[in-house]
Each structure stands twice: as structure tokens, then as C-alpha cells.
1. Can you give the FRET efficiency to the nearest 0.05 for residue A:61 and residue A:232, using r as the Cβ-Cβ distance and R₀ = 56 Å?
2. With all protein chains present, how much of the accessible area of region B:97-214 (probe radius 1.4 Å) comes from carbon and sulfur, to the nearest whole percent?
3. Can you give the relative contact order of chain B as a percent, counting alpha carbon pairs under 8 Å and 6+ residues apart?
4. For the protein assembly as shown, how big is the tail of P(r) above 50 Å, as a whole percent of Cα pairs?
5. Each label point is 7 Å from the Cα along the Cα-to-Cβ direction; what then is the distance between the points at residue B:365 and residue A:137, in nm?
6. So what J values fall out for region A:267-280 if you push phi through Karplus, 6.51 cos²θ - 1.76 cosθ + 1.60 with θ = phi - 60°, rounded to Hz, Gly and Pro as x?
7. Regarding region B:299-370, what whole-number volume in Å³ per residue does the convex hull of its Cα atoms give?
8. Ranked highest first by average number of other Cβ atoms within 10 Å, how do A:146-157, B:167-178 line up?
There are 2 protein chains.
Amino acid sequence: MAEILRAPKGLDGVAVADTTIAKSDTDGTLIYRGYAIKDLFEKSTFEESTYLILYGRLPTKGELEEFEAKLRRYSMVPHNVYDIVRAIPNEAHQMDVLRTAVSGLGATEGGISSEEQELSIIAQMPALVANCYRLNQGMEPAEPDASLSLCANYLYMLTGKKPSSFEAWTFERMLILYLEHDLNASAFTVRVVASTLADIYSACTAGLAALKGPLHGGANEAAMQMLLKIGSAGNARSYVQETLAKREKIMGFGHRIYKTVDPRSQLAKKLLKELLEKQGKGLESYKLCEAVENAVWEFKRLPSNVDFYAAPIFMTLGIPIETFTPIFASSRTVGWVAHYNEQLMDNRIYRPDAIYIGNKGLNYVPLDER
Amino acid sequence: MAEILRAPKGLDGVAVADTTIAKSDTDGTLIYRGYAIKDLFEKSTFEESTYLILYGRLPTKGELEEFEAKLRRYSMVPHNVYDIVRAIPNEAHQMDVLRTAVSGLGATEGGISSEEQELSIIAQMPALVANCYRLNQGMEPAEPDASLSLCANYLYMLTGKKPSSFEAWTFERMLILYLEHDLNASAFTVRVVASTLADIYSACTAGLAALKGPLHGGANEAAMQMLLKIGSAGNARSYVQETLAKREKIMGFGHRIYKTVDPRSQLAKKLLKELLEKQGKGLESYKLCEAVENAVWEFKRLPSNVDFYAAPIFMTLGIPIETFTPIFASSRTVGWVAHYNEQLMDNRIYRPDAIYIGNKGLNYVPLDER
């Protein structure tokens with residue numbers, strides 16, 4: 001029998017695959033398919049970056065137009081999926097509702113081709129996220145506005161208000177930041193499920209299951225709740241100090257890869273300031289975030305992560321807090337699809353070992369003699 | 001930066017955890033919590049083996065009675081879950097339907113305690129499996145018969161006919177064989193999801209997603225389809241020879257751990273013969289299976305696995321083929337719950353590495369200049 005290799009807990013530092021999709025690095029850099037996140041954030045669109053992540057290169061003008069047309073064509077959610085959502089109680093967690101909707105979409109769309117499945121799951125996520133929330137609140141599903149771009153329409157369905165072009169642009173920047181982040185727990189879950197040759201809906205349902213966990217995708221909602229609790233910049237330092245003294249976590253800080261700076265957080269921080277300046281309603285929430293950030297660095301030497309600045313941006317855009325993690329999921333679905341396909345290009349089913357440290361050779365004693 | 005360790009594909013031979021739940025070995029042995037599968041198969045009950053796997057030891061009489069009462073108490077599926085199932089088209093794959101139902105159950109039961117969640121997911125799986133199928137076929141959910149045992153009731157809901165006590169006993173043996181099988185792809189998926197601190201419903205939904213894959217749980221259905229196609233023992237040798245010559249797979253053979261014998265397969269084989277003898281309708285299907293088994297060993301030196309003999313047993317019991325993989329899943333849920341809890345006892349979030357072999361430092365060229 002071959003030697004068993006014992007891996008570090010959580011597979012920390014263990015490379016399970018080769019990848020060409022993305023690379024986050026301890027020096028505070030992140031690339032998608034070779035392009036710096038800063039360039040894509042400043043210059044690209046959601047659709048273009050999605051194309052890049054799925055197909056490995058930037059599209060030509062013709063390719064991009066065709067791709068955008070496909071996303072529009074596949075964006076209609078089958079009606080029965082909303083009937084599934086209607087059957088879920090209103091007090092349900094939005095990530096549970098979205099996971100059930102995506103699983104139900106898979107049960108519905110089993111017959112279509114796999115490329116169509118992959119693009120339609122990406123194309124339908126905005127309507128699914130917005131309408132799971134709307135149905136949960138007793139509203140009817142939003143009618144998409146065909147005159148709007150994908151991201152403007154998404155924001156419109158979430159808030160019920162036509163966004164300004166700067167608001168839509170801001171929302172799109174956040175979606176670009178959330179598209180992909182190499183092998184975290186949800187992307188790894190997607191790859192393990194893919195390795196059994198299960199379909200993309202099964203894999204994305206499992207990705208959503210993993211992303212729900214408070215150690216993973218739940219952080220942007222939790223960060224917002226914390227910011228609301230602190231209230232203003234003046235309370236930040238004492239809140240941080242007291243929370244750390246109780247050995248509790250400050251939400252939206254620290255990252256397994258980025259030890260000094262999360263590049264997405266710094267881009268989002270600048271974006272929050274611009275958004276608030278455009279709105280002309282003052283910089284209170286920006287100052288609050290900065291004060292918390294400075295205090296956490298002072299006391300704990302942890303940098304803010306992307307979720308920390310995503311929260312007040314979504315809040316400022318008028319988006320309901322319950323949808324913050326689902327929005328993250330809708331964008332990250334693009335990365336999951338890329339990981340799914342990359343896994344299948346060089347597949348072997350995941351079947352790790354475990355070291356058995358339990359009992360052996362026990363004799364079964366009949367119930368009456370126990 | 002720490003050294004990156006490159007793992008074999010599929011984490012083959014890499015131990016990711018310590019476990020005390022089960023151990024399958026290359027010598028053809030399998031233990032649950034230290035007890036040989038043969039003893040449990042011959043002497044235990046589904047409820048007792050479930051208790052053993054969940055709590056690590058055999059129950060006393062009082063503990064078992066209390067446990068059985070809890071399983072009965074938690075066995076009623078909330079009605080809205082069937083409304084979710086009703087909203088899924090009839091042509092859907094039963095594993096897609098079951099995955100959506102379990103996810104929807106999680107969205108419904110979010111408020112109950114975690115021990116109640118764990119026992120109720122196990123207790124509700126029989127009704128979920130049977131009634132997903134029944135609703136899919138245009139029938140109403142089956143009413144459980146309170147006078148029957150858990151397994152007899154399960155078989156009754158699946159077939160619509162009151163089983164004989166030997167039929168119920170046979171079905172229970174198969175459920176015991178399927179309860180747990182250490183770190184395969186679905187149990188590993190469950191542990192990765194657990195590591196994010198997501199709830200048990202999220203983890204089991206992800207387990208179902210992985211089990212759907214044809215490289216994993218789909219084998220018992222596929223084996224049955226193959227046996228139906230071969231038809232009789234006389235055709236077996238030429239079918240196997242021709243199929244292998246085309247480099248196609250013979251379903252229900254081979255196993256990552258068991259290279260010469262799968263202990264569950266041998267127990268199931270004996271059980272099939274007993275069942276057929278009891279029914280007095282001849283041993284044709286047994287002879288067919290044995291002829292296929294002998295031919296695969298002759299040409300390929302692969303042993304049959306548990307799925308190979310599970311298929312004709314389920315068929316003989318009058319169970320619909322579409323539910324074969326869901327039945328496997330319903331029993332394996334017990335193992336998944338044990339893995340979920342074991343993961344949380346010594347948790348670190350799974351975040352493996354990947355070796356980035358893609359492009360770096362690419363310059364973003366504006367769309368018009370591409």
C-alpha cells in the first residue's frame with residue numbers, strides 16, 4: 001500500500017490543482033487571467049470581465065456583442081422557479097432561498113446543453129437574487145427593463161428605483177471585484193462536486209451552500225450590521241478596542257492570503273468616497289469605516305478586506321442588507337463556472353484519505369446484554 | 001512565504017483529517033465505529049446502526065427507544081416542502097428534485113436547534129425520497145403507516161404495497177450497508193461546507209450535489225439499466241467482453257479502496273439469493289449477476305461493488321429505478337451528519353492552494369484597439 005501523506009488542516013499550503021483563472025498573492029495583488037484587478041476595475045465592464053474569466057482572454061468587439069446578446073437571451077428565469085421560491089416561508093435566510101432556487105433551476109433546466117446551462121445560470125443570477133428577496137417581502141418578481149444594461153437592471157430590480165449612471169457604474173465595479181478569487185472554500189467545493197461529473201447546477205448549488213457559512217461569504221452582511229451598531233467615527237476606536245479585548249472578531253478584517261492589504265478593499269474604499277461625494281450627503285459613513293480600519297490596524301495589524309467596504313457601498317446604493325451575500329454569490333458564480341470547467345479539463349474524482357484513530361475489532365453485543 | 005506542497009490529483013493518498021467514524025480497507029474490510037460491517041448487517045437495525053454512527057457507540061435499550069421515538073417525532077416533512085417539489089417539472093432527475101427538497105427544508109427549518117436539525121433531516125429522508133418520486137409521477141404524498149417500523153414504512157411509501165417482514169428486513173440490510181463509507185467525494189464535500197460553519201442542511205444539500213455525479217452515486221441505477229440490457233446469464237460473458245473491447249465501463253465494478261473484494265457486495269449477493277428463494281420465482285437475476293461478475297473478474301480482475309447487487313435487490317423489492325440513487329443518499333445522510341460534526345470538533349476552513357500557471361502582467365488594451 002502506498003504511503004499516506006498527512007496534509008495540514010484546511011489543506012493550508014497544499015496545491016490541489018494547476019490553475020490559469022486567477023491569482024491572489026500575499027503582496028496584495030490579484031489578477032484575473034493575467035490582468036491586474038485595478039485595470040479591470042477602472043476600465044472593464046461586468047460582461048467583458050465575465051468573458052475574460054470564462055474564456056481566458058479579452059473579447060473582440062464582435063465577440064463581446066455576441067456574448068452580451070447571449071446573456072440577455074438566457075436571462076429569463078423559468079416561471080416555476082418562482083413558484084419554488086413562493087413555497088418557502090418568508091422568514092427564511094436569503095442564502096437558503098437562493099440555494100434552493102438555483103437547485104430548482106437545475107431540476108428544471110436539466111435538458112438544455114451544457115454551454116447554455118453555464119451562461120444561463122450566470123445570466124439568471126441577478127433576477128434570482130432580486131426576486132428571491134422581493135417574493136420573500138411579499139412583492140411580485142421585478143420586470144426587467146430592457147433599456148438598461150445588465151448591471152443597471154440588476155440594481156434596479158434590487159432597489160425598485162432607476163439608478164443614475166454613476167450608481168450603476170459603482171455597482172458594476174463591486175461586481176467586478178467579486179467575480180473570482182481562486183481556491184477558497186466555495187470554489188473548492190465546486191471543484192470537488194465537478195470531479196464526480198455532476199452538472200453545473202449541482203456544483204453551483206454546492207458553492208452557494210459553502211458561501212453561506214459565516215467564515216466565508218457572510219462577512220459583508222456582518223460588517224454592515226457592525227457598522228450600523230458602531231454608528232459614527234467617534235465610537236470606532238473604543239468599539240474596536242473593547243471588542244478585541246473580549247476576543248471577539250471585527251467583521252470584514254483579515255484574510256488568509258492578504259496580510260497587509262487587500263487590493264479590492266482599497267479600490268472599494270476610494271469608490272465609496274466618490275459615491276458619497278457624488279450624492280452630496282456627506283462623508284460620515286466613509287469616516288466611520290476609515291476610523292474602524294485605522295483602529296483595527298492599530299490594535300491588531302489586520303487589513304480590511306473587500307467585504308468591509310462593499311457593505312457601506314451597497315447600503316448607500318439603497319440595496320437591502322439581506323441580499324449582500326447573495327449579490328456576492330451572483331458575481332462569484334462566474335468564477336465557479338470557470339473552476340468547474342478547469343476541473344473537468346484534467347479531472348480525477350476527489351477521494352482524500354483520513355487517518356482512522358477510532359476503535360477496531362469490537363464485538364457486537366446483543367441489545368439485551370448491554 | 002511557506003513552501004507549497006503539491007498534492008496528487010484527487011487528493012489520492014492524502015489524509016485531510018483524523019476520523020473515528022468508519023474505515024474501509026484494501027483487504028476488503030469495512031468497520032463502522034469499530035464494528036465489522038458483517039456483524040451489523042447480520043444483527044443490527046437501521047436505527048441502532050444510525051445511533052452507532054452518530055454517537056460513536058451502541059445504545060442501551062433505553063437510549064435506543066428514546067432515539068427511535070425522536071426519529072418518529074421528527075419524521076413529518078413540513079407541507080411547504082412538497083409545494084416546492086410540486087413546482088418542479090415532472091421530467092426532472094430525482095436527485096435534482098431531492099437536492100432541491102432538502103435545500104428547501106433547510107430554508108424552512110432554519111429556526112430549530114441544531115440537534116433537532118440533524119435528526120430531522122435523517123428522519124425525513126425516507127418520506128422525502130418516496131414523495132419526491134410520487135409527486136413527480138402525479139401521485140399524492142404517501143401517508144406513513146404508524147404501525148410499521150421505519151424501514152418497512154420507507155419501503156411501503158416507495159412501492160405502495162405493505163412489505164412482508166422479510167422484504168422489510170432485506171431493505172433494512174441494504175440501508176445499513178449504505179450508511180457510511182469514510183471520505184468519498186460526497187462526505188468530503190460535506191466536510192468542506194461544514195468548515196465554513198454553514199448549517200447541516202447546506203452541507204447535506206452539497207453532499208447530494210456531489211452524490212448525483214455518475215462517477216459517484218449514480219452507479220446503482222446504471223448497474224440496473226445494464227442488467228436489464230444484458231437480460232440473461234447466457235448473454236453476460238459476450239456482453240462484458242464486447243463492452244471492455246470498446247473500452248467502455250461495466251457499471252457496478254471496481255472501487256478506489258477495494259481491489260479484490262467489496263465486503264458489502266458479498267453480503268448483498270447472499271441477500272439477493274435469499275430474497276429470490278423466499279419469493280420462489282426463480283434465481284434468474286441472481287445467475288445473471290453472477291455471470292456478469294465472473295466475466296468481469298475473468299477479463300478485467302475487478303470485483304463487483306455494493307451498487308451492483310443493490311440494484312437487483314431494489315428491483316426485486318418492487319422499488320422504482322429512479323429512486324435507487326436517492327435511497328443511497330437517504331441512508332448516507334447519516335454518515336454525512338457524522339462527518340459534519342467530526343469536522344466541527346477540530347475545524348479549520350478548507351482553503352487549499354493552486355499552482356498558478358497562467359498569464360501574468362498583461363496590459364489591458366481598450367476594446368476599440370483590440
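1. Values: r = 48 Å, r/R0 = 0.85.
Between residue A:61 and residue A:232 the formula returns 0.70.
2. 49
3. Result for chain B is 23 percent.
4. Everything past 50 Å amounts to 16 percent.
5. 4.5
6. 5, 5, 4, 4, 5, 4, 4, 4, 4, 5, 4, 4, 6, x
7. Each residue corresponds to 335 Å³ of Cα convex hull volume.
8. B:167-178, A:146-157
The values are calculated or read from the model by the stated rules, or taken from the named source; none is laboratory data. Keep in mind that what you see is a predicted model, and the values were worked out from it rather than measured. Neighbour counts run over all protein chains shown; Cβ positions are idealised from the backbone, glycine included. Quick note on the areas: whole protein, heavy atoms, side chains included, nothing else; ligands and nucleic acids left out. Shrake-Rupley method; radii C 1.70, N 1.55, O 1.52, S 1.80 Å.
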